[in-house]
Structure formats: structure tokens, C-alpha cells
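Have a look at the structure below, then the notes.
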Amino acid sequence: MPGVRAGRRPGSGGAVRVLPREPPVLRRAAVRRGDGRAARQRHGPRPEAQAPRGLERAPHAGLPGLGADHRQELAPVSGRARDQGVTVDDYGAAALTQTTVDAEFRRRLEADPDGPFVRCGSGWLTFAELDDRTDRLAAGFSRLGIGPGDMVATLLPNCVETVEIMLAAAKAGVVQVPLNYYLKGDFLTYQLNDCGASVLVTDEGGYDAARGLLGATRIRHTVLVDEPQAGTLPYGELLSGRGRAEHASAPGDLLAIMYTSGTTAAAKGCMLGSGYYVAVGRAYGLRGWVVPGDRMFTGFPMFHTSGQMVAFMSALVNDATISIAPEFHASTFIAEAAADGATMLVGVGPMAHMLLAQPPGPGDAAHRFRLAVWVPLGEPEQRAFEERFGTPVMSEGYGQTECVPITNSAPGGFRDRATSGLVSPLLEVRIVDDADDEVPLGEAGEIVVRPKVPNAMYAGYWNKPEITTETWRNLWHHTGDHGRMDANGCLTFVDRKKDVLRRRGENVSALALENTIRRHPAVKDVAVSGVPAAVGDEEIKASIVLEEGAELTPEGFFEFLRWEVPYFAVPRYVDVRAELPVNALSRVMKHVLRDEGVTGAMWDLPGLGLVASRHDRRPEGASA
């Protein structure tokens, strides 16, 4: 195919300074500042016995979800709580988040040591087996010189090792840094350097992506969970010794750093405490999404908050078991879940779209699913899934790595499927304007959040105290998202205030992608924007201005990007143009590019047969 004529812009780099691990002073600044009366005035009256038109009330199925050691602490649940979703005041139970991941695991271990708990593509691991393996792994970390506060990065697909590393880290006081398995190039180098990890646990595919850049990081030991290669350690060697983790953990201890895309090229590492992990699981139990005895089947990636906290922690703290799909395959997902004896499905909305696109068959009803959680998912698709698979769907939910869930609704309670649900009982939420003044009910503004109890949110951004302070201005965490609150207390997500794209369930930093594209020798300038996708989220459009006299072909541009950015960040559409629209301050007007949408003159890379695969890794020996 003919190219486009129009040279070289170097990338930028630099050393990253790793600051001490102490969380910012702000981490607990807003914990006890909730004003329940103001919140009730702001959110309007509670629903009356008759739900408003368009809303629905299902028979209440109870609100289980706490370990037996907590049940005696709880007061009876009021009728209001049953309908609207319980609040912390109903329970008087700030202690719900005053425990740790390892304490919750010990509670389950003592109650049922030989009971199966988790699997991922192989046999079930019992609590006793998992306890032994994670003790051995913690001892293995110690032999590598890794102790409390030290970082272990992981670059892994869904596998049982991700669970073992999480629990071993909780036992040993180590900080796990689960990186998106599909990172490569500058994206991966930056995050490895920013967290300062000295150990990387990965597999053959991850090692192929990381091998050429490890010399520019602080990684001293690379551990492979599959076949070892020269210069690496086998995962089994870490499990070869014996030992018992003796670290005394606290709810505020840092357990993980998870990176989230922002409006700058540098992704932000969210500092997540052990108590926050527990709080997320508690929040879903309080609303009845997960109940004791559930067997969860999930396609969530375990390097995400969704996999580690929404899925795994919900199962751990709510007396459930969990089966993790190694990969999501729409053609086999329902059958695999049914064969596992699953009672609930958990995933993102696009997964439900793909399941509905499969040919109907007798297996659609051959299961015992109690509930399917697909967030987000439109109401027509919810109804279609319920009708076809005979399973109730919950899709009201909103959150981010920093605080999850911000909202959801109870399966047996008051709900409005057209919204994102009710505010979490552990959080307080307001909708504000640019001056941080609260907007009138029903008007759109920025969603801001703060905790009602300790450990209900993140502890700040790693190495970025200034961004932490700015995000927490006026003692509210500013989400960067727009939403509106209605008189029933339901939040509706409107759009993203910040320059972050959402594609295939992943956040993509526009600026980070632009910086990578600018490194192509033919590119003078670029702006990336989102355009509506046929199914869920957005497609990415790259609007490019070429260097004078330079040439660019679709094949050459695609070949450059497939080795430099994650598969989900490769733009679908490429718009080669003479100039970018700018305002009087020379800032690119991205709203103009978004409004232009897609035209026939643009390159549609998949339409040309240029499709990025999640398995693309730079061939060994190829130049970076």
C-alpha cells in the first residue's frame, strides 16, 4: 500500500529517584471527617416503600459476607439498610477494616485447613497446601535478601503463582508490584525503575519482553515460573526451603504498588495497604455480591485491582472459594465455569458482550450460577444475559485503583440499572465544580471521595508526594471523573475529566502513548483521542503530523508500535494530517479530533490485517 510523505524525534529518559516507603501524612487525614447528616441532605431522601418508576426492588436475600469471627460484632440490619445498602453506622463496625490479608487467610486456614480454596487452570489448592507453599516462598524471598518493605515485581499472566506471591508478601511484609503482563519498552522500564524492585518474577513470555531492558533497571534476580533460562532462577528454588513467616503485619502496612495511567507520561504507583485489600472484600460482602459458600469463577487479570481485590479478596474474606481462568475464551468460559461448580461469574462488561455473541446452545442453562457480575454493562445487555443464561446480573459499579468500590448496589435491594449504583458504606462521595464547591443534586461535576473508616482507600502515590497532595486537595480524593448524583443516592458516571483512554478494559495514558509515537523517525507531532467502539469502551485514534519529506506506511507504523506498546494501546485508526487543531495557547484541541470521529481517509489498521496480539514479544536479538 502506498505510504505518506512527510523524520526523527528522540525520546526522553532519565533516572528515577526512589523515595522512602513511608506513606504520606495525608493517608489518614480524612478518615474521621464524614458528615452523615450533610450526606443525607445532599443525596436526598431514602426511597419509600414504592420504588420510583424505572427502578426495581427485588426480594432481599440477606447481607452475609463476614467471617464468623465478625458476625457477633454486628447489630441487626435495619429495613432501611436492607433496601438502600448497609452503612457503617448501621453496624457501628469500623473494625471491619482493622485486619490484614494474612490474618484473614489464617482465619480461613484454621476453620477448614483441608478445604479447597483456589485454582487456576490446574488442581485445587487447599488452605493447608497454600499455607505451606507461601511460607516456603516467604523464606525464599528472605534468602534473596528480600524483607519487610522491599519490592518484588511480577510480570505474570493469570496463574496460581500470582496468588502465592500475594499471600507470601502479606506474610513477610514484602511489597508486591504486579505489573500489567502486556507492558513492554519504555512503559515497562519506567515502572520497574519507579518501584525500585530488585526481584522480578515472570514467565517465558514476560522474560522475552523484559530481557533487553533489565540492565537499565535495579533488578538483581529474575525468577521464572516455567522453564528456567540462563541467568535466571527457577521459581521452585524459592519453594525449596522451609520456614515460617514471623512478620507481625498491621492493617496500614504497604502490601502492593499498582500502577494506574494518568494524564502524564509517568504512570502513578498507587500504594495499597493490607487493610485496604480487606476493605475491598468487605465492601462487596456487605452488599451481598459474594456470600459464604460461593464458588467464584473469574476472568479478571490477577495483575489488576479487579483480580486481586474485587475477585480474590472478596472470596477470601467472605468465606467463598475462587477459580481463576488462565485466559478468557468466550467459546469455553461458561462451560469451564459450570464444570467448576461455579455459583457466580465475575468480569468486565466486554466479556458479557463476547459471551452473548456466541451461538446459543444447551450449555447456556447447564449450570448453577447464582449471580453474574459484569461491570459495566448496559441495561439491554443485562436483560439479554439474564434471559439467555437464566442468571441475575449485577452491573452497577464504579471505582478505581485508589478506591474500589466507590459505588455498587445490592442484588437483593434497591437498584437502578441505568446508574453506577449506591455509594459504598465505607466511603463518602460528593460531586463538585472546579472550585470544589458541591453542585446541586442532579448536576454533573467531578466525583470526589474520602473514607469513613481507616484503610478504606489507597495511601497515596509512590514517589509522587506532590501529585498525592494535589489529588487530595481540600481533604477529598479527586477522581478525575465526572458524574452526577440523584435523589435516590445513586451515582451516574458521565465521562473522564482526565486525558485517559479506556480500551478493552484497560486504561491507556494518552500522553504516554503520544510520547512513544513521537519516537518514530517519521513523526513530527501526534495527538491520540478516543472514538466510540462498536462494543464497550473506546477505540484509539492517532492523529499524526509527519516530518517534512518523511514517509510513513500503515505496515511500518504498526511494526514500530507492536514492539513498543501493550497490544491494547496500539491505535486502531491513524489519521495522517497536515496539522493538529490548536487553540490560542497552542494546545491541541482534542475535543475537535474526537468530534471528527472516523473518516474513510484514515487507516483502519485491523481492517488492513494489522492486528496486535497480546502475545507479541520482540524477537530475541532484534533491535529495540
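Brief remarks on what is shown
- When region 353-387 is limited to residues that are aliphatic (A, V, I, L, M) and assigned to a helix (DSSP H, G or I), the one that is surrounded by the most Cβ atoms within 10 Å (Cβ to Cβ) turns out to be 355.
- Number of residues in region 402-435 that are among the charged types (D, E, K, R), closer than 30 Å to residue 365 by Cβ and outside any loop (DSSP other than H, G, I, E, B): the value is 1.
Yes/no matrix, rows are residues, columns are (1) of a type in the set (Gly, Ala, Ser); (2) in contact with an Asp or Glu (Cβ under 9 Å, 6 or more places away or on another chain); (3) more than 15 Å from residue 297 (Cβ to Cβ):
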| site | (1), (2), (3) |
| --- | --- |
| 328 | no, no, no |
| 341 | yes, no, no |
| 346 | no, no, no |
| 357 | yes, no, yes |
| 366 | yes, no, no |
| 369 | no, no, no |
| 382 | no, no, yes |
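- Qualifying residue in region 602-616 (condition: among the basic types (Lys, Arg) and modelled with pLDDT of 90 or more): no
- Check on residue 513, assigned by TED's automatic domain parsing to the domain that holds residue 576 and modelled with pLDDT of 90 or more: no
- Every residue from region 388-401 that is part of a strand (DSSP E or B) and either in contact with a Cys (Cβ under 8 Å, 6 or more places away or on another chain) or of a type outside the set (Val, Ile, Thr) (or both): 394, 397, 398, 399, 400
- Of all residues in region 366-403, those satisfying the criterion of being of a type in the set (Asp, Glu) and either closer than 21 Å to residue 287 by Cα or modelled with pLDDT of 95 or more (or both) are 379, 386, 387, 396, 402.
Yes/no per residue for (1) farther than 26 Å from residue 378 by Cα; (2) surrounded by 18 or more Cβ atoms within 10 Å (Cβ to Cβ); (3) among the aromatic types (Phe, Trp, Tyr); (4) out of contact with any Leu (no Cβ under 8 Å at 6 or more places or on another chain):
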| position | (1), (2), (3), (4) |
| --- | --- |
| 541 | no, yes, no, no |
| 562 | yes, yes, no, yes |
| 569 | no, yes, no, no |
| 573 | no, yes, yes, no |
| 598 | no, no, no, yes |
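- Of the strands (runs of 3 or more DSSP E) lying entirely inside region 193-271, the ones with 3 or more residues being surrounded by fewer than 22 Cβ atoms within 10 Å (Cβ to Cβ) and either in the same structural domain as residue 528 (by TED's automatic domain parsing) or in contact with a strand residue (DSSP E or B) (Cβ under 7 Å, 6 or more places away or on another chain) (or both) are found at 221-224.
Yes/no per residue for (1) closer than 30 Å to residue 127 by Cβ; (2) assigned to a helix (DSSP H, G or I); (3) of a type in the set (Gly, Ala, Ser):
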position: 154; (1), (2), (3): yes, no, no
position: 168; (1), (2), (3): yes, yes, yes
position: 176; (1), (2), (3): yes, no, no
position: 183; (1), (2), (3): no, no, no
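- Here is the figure for region 119-155: residues that are touching a His at 6+ places or on another chain (Cβ under 7 Å) and either polar (S, T, N, Q) or surrounded by 24 or more Cβ atoms within 10 Å (Cβ to Cβ) (or both) total 0.
- Only one of the numbered conditions (1) under 29 Å from the mean Cα position of the chain (by Cα); (2) surrounded by fewer than 21 Cβ atoms within 10 Å (Cβ to Cβ); (3) modelled with pLDDT of 90 or more; (4) among the hydrophobic types (A, V, I, L, M, F, W, C) is not met by residue 535, and that is (3).
- Just one residue in the set 306, 314, 323 is within 21 Å of residue 503 (Cβ to Cβ) and not in a loop (DSSP other than H, G, I, E, B); that residue is 306.
- The single condition among (1) over 22 Å from the mean Cα position of the chain (by Cα); (2) closer than 30 Å to residue 250 by Cα that residue 435 does not meet is (2).
Every residue, every condition in (1) at pLDDT below 95; (2) in contact with a Cys (Cβ under 7 Å, 6 or more places away or on another chain), yes or no:
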residue: 405; (1), (2): no, no
residue: 411; (1), (2): yes, no
residue: 414; (1), (2): yes, no
residue: 442; (1), (2): yes, no
residue: 445; (1), (2): yes, no
residue: 449; (1), (2): no, yes
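- Considering each residue of region 387-394 in turn, none proves to be basic (Lys, Arg) and either within 19 Å of residue 416 (Cα to Cα) or under 25 Å from the mean Cα position of the chain (by Cα) (or both).
- Residue list for region 405-424, restricted to those being crowded, with 24+ Cβ neighbours inside 10 Å and closer than 19 Å to residue 496 by Cβ: 405, 406, 407, 420, 421
- Top-ranked residue in region 337-352 [being touching a Leu at 6+ places or on another chain (Cβ under 8 Å) and not in a loop (DSSP other than H, G, I, E, B); ranked as farthest from residue 375 (Cα to Cα)]: 337
- Residue match in region 132-150 (condition: at pLDDT 95 or above and touching a Pro at 6+ places or on another chain (Cβ under 8 Å)): no
- Residues located in region 438-465, provided they are charged (D, E, K, R) and in contact with a Gly (Cβ under 9 Å, 6 or more places away or on another chain): 438, 446, 450, 452, 464
The values are calculated or read from the model by the stated rules, or taken from the named source; none is laboratory data. As the structure is a computational prediction, the values presented were derived from the model and not from experiment. Every residue, glycine among them, receives a Cβ derived from its backbone with ideal geometry; neighbour counts consider all protein chains shown.
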